[in-house]
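Asker: Supplied in C-alpha cells, the structure appears directly below.
Each value in this text was obtained by applying a stated rule to the coordinates, not by laboratory testing. Here the structure is a predicted model, which means the values were calculated and not measured. Backbone-built Cβ (ideal geometry, glycine too); neighbour counts: all protein chains shown.
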Amino acid sequence: MSYYHAFKGILLTVCVTALLAGYATVSSIAADKDVTCAPEVTDWSPKIEEIKTRRPTITATFKSKCGVDIDVSTIQMVVDDETVYPEISGSGSGVTLAFVPYLGLLEECNVTVSAQDVNGQKAEKTWMFEVPYWVQEFW
C-alpha cells in the first residue's frame with residue numbers, strides 16, 4: 001500500500017468519525033477525485049510568433065495522464081465569445097482540436113477550450129493571441 005492510499009484511508013476514517021460525532025455534515029465532506037489523473041491541455045496554438053494570416057489555425061490538445069479516455073461529446077471551443085465547432089482528431093486519452101476561422105480575425109482574439117474525461121474530470125484552457133497589425137490579409 002502506498003503512502004497516498006494510506007493517507008486516503010486515514011482521511012476517510014477521520015471524516016466518518018467527525019460525521020458520526022456530529023462535528024461535520026455530509027455536505028461538508030467533499031467527494032474524493034484523484035486530481036492527479038485529471039486530463040490537461042498539453043499544447044495550444046497559435047502563439048503570436050506563428051501568426052502569418054488573419055485566419056490562423058487554432059489548435060488544442062487534451063491528454064489524460066492516466067490513460068483515461070476523453071469524452072469527445074464534452075469538447076467545447078469558444079473563440080471571442082462564439083462557440084465554434086472544431087475538427088477533432090485522435091481518440092482515447094489523446095484528442096486534438098483544430099479550427100480555422102471563417103473570416104479574418106481582427107487584433108486580439110480570446111480562446112477557451114474545455115473537455116472532460118469519461119470519469120467527469122474537466123480540463124480547461126484560456127489564452128489570448130493578437131493578429132499582428134502588419135498582417136494585411138482579410139479573407
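Asker: I'd like the Karplus ³J(HN,Hα) series for the stretch 36-47: coefficients 6.51, -1.76, 1.60, θ = phi - 60°, whole numbers in Hz, and an x wherever there's a Gly or Pro.
Answerer: So the Karplus estimates, Gly and Pro as x, are 5, 9, 5, x, 9, 8, 8, 8, 8, 7, x, 9 Hz.
Asker: Test of understanding: what is the full-extension gain from CYS66 to ASN119, defined as 0.36 nm times their sequence separation minus their Cα-Cα distance? Don't jump to the answer; show the numbers that get you there.
Answerer: Numbers: separation 53, 0.36 × 53 = 19.08 nm, distance 1.16 nm.
Roughly 17.9 nm would be gained on extension.
Asker: Once you place label points 7 Å from the Cα toward the Cβ at LYS52 and CYS37, how far apart are they in nm?
Answerer: Here the modelled spin labels are 4.3 nm apart.
Asker: What whole-number value in cubic angstrom gives the convex hull volume per residue for the C-alpha atoms of the stretch 36-130?
Answerer: Convex hull of Cα atoms, per residue: 88 Å³.
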